[in-house]
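The values are calculated or read from the model by the stated rules, or taken from the named source; none is laboratory data. Just so we're clear, the structure is a prediction, and the values are computed from it rather than from any experiment. Don't worry about glycine lacking a Cβ; one is built from the backbone with ideal geometry, like all the others, and counts go over all protein chains shown.
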């Protein structure tokens, strides 16, 4: 009788971690490196995805400028994460639900949220949270990782109602260090809920580098702990992001449960416009390396090689984006200012006594 081999947990961990290789379709030069994985997208659909990415890059630039002018409130820059954000949203259907983090306003816009309301949300105006009928989404979550628990609940609700839809949520690499992250993916796994959990790993939780947050080689492998598929994807490659999201959605609506997707990407700007200075914790060499992986440059090269994109088209989209921003901010400026009493009315059904007293004070001020 052969002697039993001793169990080596360190070896098992190493074997698991080796299996999480980064999925990619387009390399940095816009060349296809995985022909078999090419998603079924028409030329028109490819062009539309590029249009959305260029438009959103302009929106980001304009939003930063508006913030510096004092015309926007809270704003988290998105440049560098367009493939991660927009290609994943592009793989969804209108009946799907989006539970975004604070950096994920672009997904809401392309899901149907008017740009004017996105600006009002940034200003903290209550009308910025009044989504139009048919926009299946919650307002961006400010609490880190809290949307993961909410996403599990929405997905279970979708399943109980027998809907052919999914709930998708986003957080950053820092969000995976929160308890809500584990609770959310575990709950969704236990109920085989139609959920997609996206971790946009841009390497920094504000200023804390990803390697100081966890000893795990990847964030995608955390899916193993709750028994769901985990995917590590090149988050600067829009085709790869679209493919893994579409596959995750197909599995979810087929009843096969949730998927955790880690998109490896980078934010070119600060964490938010609220005083963060990325030069204090990132080097110029690191920035330069990631600029070579720019999702817009990569996708532009790919489309140009297929004669689907050119400078003239890009300029048209950029000018349209500038006009759209100009019109939306004008509409936001024309919106009636939110009063203190409106804020209190919206916050409380039964107002505490101390606030009732303050309410009367502000009501008198506002009447003058």
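I'd like the full set of residues that are surrounded by 20 or more Cβ atoms within 10 Å (Cβ to Cβ) and within 15 Å of the chain's Cα centre (by Cα), limited to segment 182-203.
195, 196, 197, 198, 199, 200, 201, 202
Would you list the helices (runs of 4 or more DSSP H) that sit entirely within segment 281-347 and hold 3 or more residues that are in contact (Cβ under 8 Å) with a residue 40 or more places away in the chain, outside the structural domain of residue 242 (by TED's automatic domain parsing) and surrounded by fewer than 18 Cβ atoms within 10 Å (Cβ to Cβ)? Before the answer, list the steps.
Numbers: elements: 284-291, 295-305, 311-334, 340-347.
Filter on segment 281-347 gives 340-347.
Specify which of the listed residues (157, 174) is within 15 Å of the chain's Cα centre (by Cα) and surrounded by fewer than 23 Cβ atoms within 10 Å (Cβ to Cβ). Reasoning before the result, please.
Values: 157 fails: within 15 Å of the chain's Cα centre (by Cα).
From the options 157, 174, the qualifying one is 174.
Of all residues in segment 126-143 being buried (at least 18 other Cβ atoms within 10 Å of the Cβ) and in contact (Cβ under 8 Å) with a residue 40 or more places away in the chain, which is farthest from residue 182 (Cα to Cα)?
So, considering only residues that are buried (at least 18 other Cβ atoms within 10 Å of the Cβ) and in contact (Cβ under 8 Å) with a residue 40 or more places away in the chain, the one farthest from residue 182 (Cα to Cα) is 136.
Filter segment 246-276 down to the residues that are loosely packed, with under 15 Cβ neighbours inside 10 Å and at pLDDT 95 or above and list them by number. Lay out the reasoning, then the answer.
Going residue by residue through segment 246-276, those that are loosely packed, with under 15 Cβ neighbours inside 10 Å are 250, 254-256, 274-275.
Across segment 246-276, the qualifying residues are 250, 254, 255, 256.
Of all residues in segment 18-42, which are touching a helix residue (DSSP H, G or I) at 6+ places or on another chain (Cβ under 9 Å) and in a helix (DSSP H, G or I)?
Correct list: 37 only.
Within segment 72-83, is even one residue part of a helix (DSSP H, G or I), under 18 Å from residue 199 (Cα atoms) and within 21 Å of the chain's Cα centre (by Cα)?
The first filter runs over segment 72-83 and keeps only residues part of a helix (DSSP H, G or I), leaving 82-83.
Still in the list and also under 18 Å from residue 199 (Cα atoms): 82-83.
Going one step further and asking which of them are within 21 Å of the chain's Cα centre (by Cα), we end up with 82-83.
Yes, segment 72-83 contains a residue that is part of a helix (DSSP H, G or I), under 18 Å from residue 199 (Cα atoms) and within 21 Å of the chain's Cα centre (by Cα).
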